[in-house]
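Every read-out reported here was derived from the displayed coordinates using simple, explicitly stated rules and does not represent laboratory data. It should be emphasised that the depicted structure is a prediction, and the values quoted were computed from it without experimental measurement. Cβ placement follows ideal geometry from the backbone for every residue including glycine, while neighbour counts extend to all protein chains displayed.
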Protein chains: 2
Amino acid sequence: MTVLTPAQQFLINGESGGSISPLDRGFAYGDGVFRTLRVDAGMPDAWDLHYNKLANDCRRLGISCPAANLLLTDIRRVFLPTETAVAKIVITRGIGVRGYAINPSTESTRVVIKTPLPDYPELNFVKGVKLHLCDLRLACQPLLAGIKHLNRLENIMARMEWNDPKIVDGLLLDEKGNVIECTMSNLFARFKNELVTPDLTQCGVEGITRQRILQASAQLNLLARVVDITLPQLLLADEIIICNSLFGAWQVKEVGGIFWEEQSLAMQFREILQAKHASN
Amino acid sequence: MTVLTPAQQFLINGESGGSISPLDRGFAYGDGVFRTLRVDAGMPDAWDLHYNKLANDCRRLGISCPAANLLLTDIRRVFLPTETAVAKIVITRGIGVRGYAINPSTESTRVVIKTPLPDYPELNFVKGVKLHLCDLRLACQPLLAGIKHLNRLENIMARMEWNDPKIVDGLLLDEKGNVIECTMSNLFARFKNELVTPDLTQCGVEGITRQRILQASAQLNLLARVVDITLPQLLLADEIIICNSLFGAWQVKEVGGIFWEEQSLAMQFREILQAKHASN
């Protein structure tokens, strides 16, 4: 097995030095899905959950998902056994002629990209983070909701709303005024012993860390629920945390001028997430 | 100036044999816009309108649009002076690091692709076409509405709804029940001497042929209006036509079991569009 040099940071269909055709439907239409995950000492974190999510997202779009072993082999070739970094996996519907119609015999394109782990400020983990309240309202499209697909212009337009480096993410509501997620993370709010997270059947991305926190909540004696929640309701929460596969969970200390005291929910979930990782 | 051989059917940033980086934001997020246009005997049809639309769409997404001359030079290199075919122009925000945040100094990527003119059945022009009534409802996102951007999963999901080759396009409504467009064309309905087309400020793509037909309607003594129109209202129209830059305009003869007699509005507009082209 060839391990790639640091300069060769991606594989396309298992080949180094490859590139994407401008006729690839991922490029033409955003016709594909992706995953972003931590690779710790060469091993992808929570791989089974990531692969299941990738396969499910592909299924919903009618894209054929490569076998897990193919992707694991790619990851082993791109990441040194000692390396901790970020893997991004992209699966597209493959190369097509012009037009939206699908040729069912098209082979999907698979890409594995290595990027450095973001240099998160230690304070995000210790003190919590500040969120921007986005003006952009997410559009409701149940056929695409939950999927981590390549149509991400809404996230980009939302991310353009702030430049302050002290703001780590933006809180997104849908057109009805329900809180949904942040641009790069999911969200949980604790009300006494209830832990709620927004319903994502109309819009938003169902991240696998959200799934892991839902499952782990009983360990902290919290009752987890998926709900519709408006912004005024959210702002009454005892604690708010955001989560994704790279940073785990962060405490939210400020949203649009409303502040929360230092609390420990995010840290407790990070410990559970890390313990699970170690035992896998 | 090098004219490319038939095998070299695209230029990327003016270079033949180029390819797209998997780090290009067009591939990563569908972060870009495109145009599809006819090139007749080496000359792009309605170029000023196409370029203005491309530049406007880029501006709305905050993408820097290449100069018209650069694109015209690309087109002259890809198309022989005698050639009639389709040009697809794609402009993306360029190569980026992972994450939705934008680096304002990123240079955009420009792609010019040549594909053959579709082999449209003559009957589409003579007798009209049949539309599928799509189940998918377009999501409303005013920040992206009207733009021909690279986030086209809704069109793809809608196009997956039918396989009958006799159906040429699918009629799309929005989540409120308003008629918006078809998957690859805009739509007009005539009620007596009024010619109406759906408002596209919430969703849909504002094609330049729609714009040309709106401007040309007075020549046919029609009063053009942009309106909200429901499906039951549409089905009462005296005539319906669909339009895009490749086929011009086609008469609609059937939508979901409702039929229209042979009429001539589409043909009249095709004549005006072609005459304009000849006089340009």
Open item on the list: Can you give the local net charge around A:Leu144? Use residues other than it whose beta-carbon is closer than 12 angstrom to its beta-carbon, Lys and Arg +1, Asp and Glu -1.
Closed with: 0
- [ ] Just flag the GluC sites (Glu not before Pro) in the stretch A:190-280 sitting in loop per DSSP whose Cβ has no more than 13 other Cβ atoms within 10 Å.
- [x] A:Glu261, A:Glu262
TODO: Identify all lysines with a Cα-Cα distance to A:Lys176 below 29 Å; exclude those on the same chain that are fewer than 8 residues away in sequence.
DONE: A:Lys53, A:Lys130, A:Lys148, A:Lys166, A:Lys192, A:Lys253, B:Lys148, B:Lys176
TODO: Taking H placed 1.01 Å from N in the peptide plane, check which residues at least 5 places from A:Met43 or on another chain put their amide H under 5 Å from its amide H.
DONE: none
TODO: Sort shortest first the distances from B:Gln219 to its counterpart in every other copy, using label points 7 Å along the Cα-to-beta-carbon line, and give them in nm.
DONE: 7.1
Task: Karplus-derived 3J(HN,Hα), 6.51/-1.76/1.60, for each residue of the stretch A:225-231, Hz, glycine and proline x - done: 9, 9, 9, 8, 9, 7, 4
TODO: Amide H neighbours of A:Val205 under 5 Å, at least 5 residues apart or on other chains, H built in the peptide plane: list them.
DONE: A:Gly146
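First measure r as the distance between the Cβ atoms of A:Glu194 and B:Thr84, then evaluate 1/(1 + (r/R0)^6) with R0 = 60 Å and state the FRET efficiency to the nearest 0.05. Kindly include the intermediate steps, with their values, before the conclusion.
Values: r = 65 Å, r/R0 = 1.09.
For R0 = 60 Å, the calculated efficiency reads 0.40.
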Task: Using a 7 Å Cα-to-Cβ projection, A:Thr201 label spacings across copies, nm, ascending - done: 3.3
TODO: Work out the FRET efficiency for A:Ala275 and B:Ser16 from their Cβ-Cβ distance, taking R0 = 56 Å, and round it to the nearest 0.05.
DONE: 0.55
Task: J(HN,Hα) series, the stretch A:242-259, from Karplus relation 6.51 cos²θ - 1.76 cosθ + 1.60, nearest Hz, glycine and proline x - done: 10, 8, 7, 6, 8, 9, x, 9, 10, 6, 8, 9, 7, 10, x, x, 9, 10
- [ ] Measure nothing but the geometry: give the 0 to 90° angle between the long axis through the Cα atoms of B:265-279 and the longest principal axis through the Cα atoms of chain B, rounded to 10°.
- [x] 40 degrees
Task: Whole-Å distance, taken between Cα centres, linking the stretch B:124-159 and the stretch B:26-83 - done: 21 Å
Open item on the list: Is there a quick way to get the dipole size of the protein assembly as shown? I mean about its Cα centre, with the Cβ of Lys and Arg at +1 and of Asp and Glu at -1; what is the value in debye to the nearest 20?
Closed with: 680 debye
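Taking 8 Å as the Cα distance limit and 6 or more residues as the minimum spacing, I'd like the relative contact order of the stretch B:122-279 as a percentage.
Answer for the stretch B:122-279 is 26 percent.
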TODO: Rounded, prolate or oblate: pick one for the protein assembly as shown, where a ≥ b ≥ c are the square roots of the eigenvalues of its C-alpha gyration tensor, a/c under 1.5 means rounded, and failing that, prolate if a/b is larger than b/c, else oblate.
DONE: prolate
Task: Rounded to 10°, Cα long-axis angle of helix B:68-78 versus longest principal axis of chain B - done: 90 degrees
Open item on the list: Taking amide H atoms as placed 1.01 Å from N in the peptide plane, list the residues 5 or more away in sequence, or in a different chain, whose amide H sits under 5 Å from that of A:Cys140.
Closed with: A:Glu175, B:Cys140
Open item on the list: Please compute the modelled spin-label separation between B:Ala218 and A:Leu236, points set 7 Å along Cα→Cβ, answer in nm with one decimal.
Closed with: 5.8 nm
Open item on the list: Distances in nm, one decimal, shortest first, from B:Arg98 to the same residue in every other copy, taking the label point 7 angstrom along Cα→Cβ.
Closed with: 3.6
Open item on the list: Quick check: the angle from helix A:47-61's long axis to the longest principal axis of chain A, C-alpha only, nearest 10 degrees?
Closed with: 70 degrees
Task: Using θ = phi - 60° and Karplus 6.51 cos²θ - 1.76 cosθ + 1.60, couplings along the stretch B:201-209 (whole Hz; Gly, Pro as x) - done: 8, 10, 6, x, 10, 7, x, 7, 5
